[in-house]
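A.B. asks: What follows is a single structure, and I will ask about it in a moment.
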Amino acid sequence: MITLPPGVQLVLASASARRSQLLARAGVDFEVRAADIDESPQSGERPAEYVRRLASEKGDAVMRPGDLVLSADTTVDIDGEILEKPTDDADVERMLRLLSGRAHDVHTGVRVAGRGTDRLAVVTTQVVFVELTSEMIDWYVATGDGLGKAGAYGIQGAAGAFVRRVEGSVTNVIGLPMAETIAMLRLALAPSGC
């Protein structure tokens, strides 16, 4: 889907297996260079601002001359609260109880930078969960699937059964809005660079 010109290396500034899978399925050739940055929200930072900042900082952290860097960060937002990756099973349970029977937003900041371009966007998808029973929550916590995922769930896994409706990009909820990402890469690789 994306053909890189000779001498151009696309770098994914993320250790996310889900982002790597999405790019690979789209036929994009890339190398992973995970960014090591502080991902703590700043005081008063809104969820969309948070992912925009982290996508930018991740790209800066791995950028080398001549690289084209794709960086991203995803968070779940319920009532303006940033739901990061849970710290333990109790945190998974807390987040699921917050999301139960309600709509929430998933924001992903995406940045494509280097080689004379710097594009940054935030994509938002609304997800509505069914009402979760205590048994459903206990079962999901026991799977361990909620750990390591923003908002304590992955839509592509067992928690997909909790989703009543999605408005917007499903791949955004997985961690990388592919339509927008491919468009940004195409613009960055266009002969004029614009």
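A.B. asks: Considering each residue of the range 66-93, count those that are in a helix (DSSP H, G or I) and touching a residue at least 24 places away in the same chain (Cβ under 8 Å), and give that number.
C.D. replies: 4
A.B. asks: If I filter the range 56-65 for residues that are touching a residue at least 60 places away in the same chain (Cβ under 8 Å) and either within 16 Å of Asn172 (Cα to Cα) or in contact with a Gly (Cβ under 6 Å, 6 or more places away or on another chain) (or both), do I get at least one hit?
C.D. replies: No, every residue in the range 56-65 fails to be touching a residue at least 60 places away in the same chain (Cβ under 8 Å) and either within 16 Å of Asn172 (Cα to Cα) or in contact with a Gly (Cβ under 6 Å, 6 or more places away or on another chain) (or both).
A.B. asks: Considering Val51, Val11, Val28, which residue is touching a residue at least 24 places away in the same chain (Cβ under 8 Å), surrounded by 15 or more Cβ atoms within 10 Å (Cβ to Cβ), hydrophobic (A, V, I, L, M, F, W, C) and part of a helix (DSSP H, G or I)?
C.D. replies: Val51
A.B. asks: What strands (runs of 3 or more DSSP E) lie completely within the range 101-194 and have 2 or more residues being surrounded by fewer than 18 Cβ atoms within 10 Å (Cβ to Cβ), polar (S, T, N, Q) and touching a residue at least 24 places away in the same chain (Cβ under 8 Å)?
C.D. replies: The qualifying strands (runs of 3 or more DSSP E) are 117-129.
A.B. asks: Then there's this: Filter the range 71-114 for residues that are β-branched (Val, Ile, Thr) and closer than 13 Å to Gly175 by Cα; which is nearest to the chain's Cα centre (by Cα)?
C.D. replies: Once the filter is applied, the top-ranked residue is Thr74.
A.B. asks: Within the group Ser56, Ser40, which residue is hydroxyl-bearing (Ser, Thr, Tyr), farther than 14 Å from Thr181 by Cα, out of contact with any helix residue (DSSP H, G or I) (no Cβ under 9 Å at 6 or more places or on another chain) and assigned to a loop (DSSP other than H, G, I, E, B)?
C.D. replies: Exactly one residue qualifies, and that residue is Ser40.
A.B. asks: Just to verify a result, which residue in the range 1-34, among those that are small (Gly, Ala, Ser) and farther than 13 Å from Ile182 by Cα, is modelled with the lowest pLDDT?
C.D. replies: Looking at residues that are small (Gly, Ala, Ser) and farther than 13 Å from Ile182 by Cα, I get Gly7.
A.B. asks: On to the next question. Being farther than 18 Å from Ala35 by Cβ and β-branched (Val, Ile, Thr) is the filter; apply it to the range 54-84 and report the residue that is surrounded by the most Cβ atoms within 10 Å (Cβ to Cβ).
C.D. replies: If we take residues in the range 54-84 being farther than 18 Å from Ala35 by Cβ and β-branched (Val, Ile, Thr), then Val76 is surrounded by the most Cβ atoms within 10 Å (Cβ to Cβ).
A.B. asks: Is at least one residue of the range 99-107 over 19 Å from Gly151 (Cβ atoms) and at pLDDT 95 or above?
C.D. replies: Checked the range 99-107: no residue is over 19 Å from Gly151 (Cβ atoms) and at pLDDT 95 or above.
The values are calculated or read from the model by the stated rules, or taken from the named source; none is laboratory data. Quantities reported herein were computed from a predicted structural model and do not represent experimental measurements. Neighbour counts run over all protein chains shown; Cβ positions are idealised from the backbone, glycine included.
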